[in-house]
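First the structure, in the form of structure tokens, and then the observations on it.
The values are calculated or read from the model by the stated rules, or taken from the named source; none is laboratory data. Only a predicted model underlies this, so the values are computations on that prediction, with no experimental measurement involved. All Cβ positions, glycine included, derive from the backbone under ideal geometry; neighbour counts span all protein chains shown. Each accessible area value is taken on the protein alone, full model and side chains, heavy atoms only, with ligands, DNA and RNA left out. Shrake-Rupley method; radii C 1.70, N 1.55, O 1.52, S 1.80 Å.
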Amino acid sequence: PAPAPAPSMGTLGVSLTDAPACGFDAVNVTVSKVRIHQDGAAADTASGWSEIVLSPAKKINLLNLTNGVLEALGTTSLPAGKYTQMRLVLDANGGAGMANTVVPTGTTTEKTLDTPSAVQSGIKLNGQFDVLAGQRTDVVLDFDACKSVLTKGNGKYALKPVVKVVPTTSNGISGFVATGLLAS
């Protein structure tokens, strides 16, 4: 019999984690999808995007994700190749404005976290990774809550996302090494 064709698809798994935060007891973001593209310059309306859609959207307290804790956002099948653009799409704050919030330390009340218009087309993430045919590639989105929240005064807070894409390798070791936390 003829040999089976080599698979041309691989799998991408995406998770979220956070660096330790300061001054907040909660930093909540509501993630609706992750978008992936091979062209780093592709516009959000271009063709060729692949998506991991979270349905319903998932409200995640980034501060629960410190010390290597990961929040899985999902997986998708992708054509094998190099990917140079990812976007993290958040739900906009509608109605009560509680999709993206902070709880300042010493309080118990969620305060609306104003999000940039980029949440509609997605927070553009820098980082690239390869998806290999027949294999799973995992990337971790390291969302630095501490650097991502701007205190504007008058009890107002804004999200200025600082997110790193950290490819992880499937080598039998779970977790990932956080660079930048090493003592000098």
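In segment 36-51, how many residues are assigned to a strand (DSSP E or B) and in contact (Cβ under 8 Å) with a residue 40 or more places away in the chain?
Looking only at that region, the number is 2.
The one condition from (1) surrounded by fewer than 17 Cβ atoms within 10 Å (Cβ to Cβ); (2) touching a Leu at 6+ places or on another chain (Cβ under 6 Å); (3) not basic (Lys, Arg) that Pro79 does not meet is (2).
Pairs linking a residue in segment 97-122 that is on the phi > 0 side of the Ramachandran plot to a residue that is acidic (Asp, Glu), with Cβ atoms under 7 Å and 6 or more positions apart or on different chains, are Gly122/Asp44. Taken across segment 67-76, residues that are farther than 27 Å from Ala46 by Cα, surrounded by 12 or more Cβ atoms within 10 Å (Cβ to Cβ), within 15 Å of the chain's Cα centre (by Cα) and among the aliphatic types (A, V, I, L, M) do occur, with at least one present. Could you list all residues from segment 52-76 that are within 19 Å of Lys160 (Cα to Cα), in contact (Cβ under 8 Å) with a residue 40 or more places away in the chain and either assigned to a strand (DSSP E or B) or charged (D, E, K, R) (or both)? Lys59, Ile60 - these are the residues of segment 52-76 that are within 19 Å of Lys160 (Cα to Cα), in contact (Cβ under 8 Å) with a residue 40 or more places away in the chain and either assigned to a strand (DSSP E or B) or charged (D, E, K, R) (or both). With respect to the conditions (1) surrounded by fewer than 16 Cβ atoms within 10 Å (Cβ to Cβ); (2) over 14 Å from the mean Cα position of the chain (by Cα); (3) under 17 Å from Ile36 (Cβ atoms), Val53 lacks only one, and its number is (2).
Among residues belonging to segment 1-44 that are of a type in the set (S, T, N, Q) and open to solvent by less than 40 Å² (accessible area, probe 1.4 Å), point out the one that is modelled with the lowest pLDDT. Talk me through it step by step, then tell me what you get.
First, pick out the residues of segment 1-44 that are of a type in the set (S, T, N, Q): 8, 11, 15, 17, 28, 30, 32, 38.
Next, only the ones that are open to solvent by less than 40 Å² (accessible area, probe 1.4 Å) stay: 15, 17, 28, 30, 32.
Details: Ser15: 91, Thr17: 86, Asn28: 95, Thr30: 95, Ser32: 95.
For segment 1-44, the residue satisfying everything is Thr17.
Name the one entry in Lys160, Lys147, Lys124 that is open to solvent by 70 Å² or more (accessible area, probe 1.4 Å) and in contact with a Ser or Thr (Cβ under 9 Å, 6 or more places away or on another chain). Even if it seems obvious, please write down each step before you answer.
Numbers: Lys147 fails: in contact with a Ser or Thr (Cβ under 9 Å, 6 or more places away or on another chain); Lys124 fails: in contact with a Ser or Thr (Cβ under 9 Å, 6 or more places away or on another chain).
Residue meeting the stated conditions: Lys160.
Exactly one residue among Asp91, Asp138 is open to solvent by less than 50 Å² (accessible area, probe 1.4 Å), in contact (Cβ under 8 Å) with a residue 60 or more places away in the chain and among the charged types (D, E, K, R), and that residue is Asp138.
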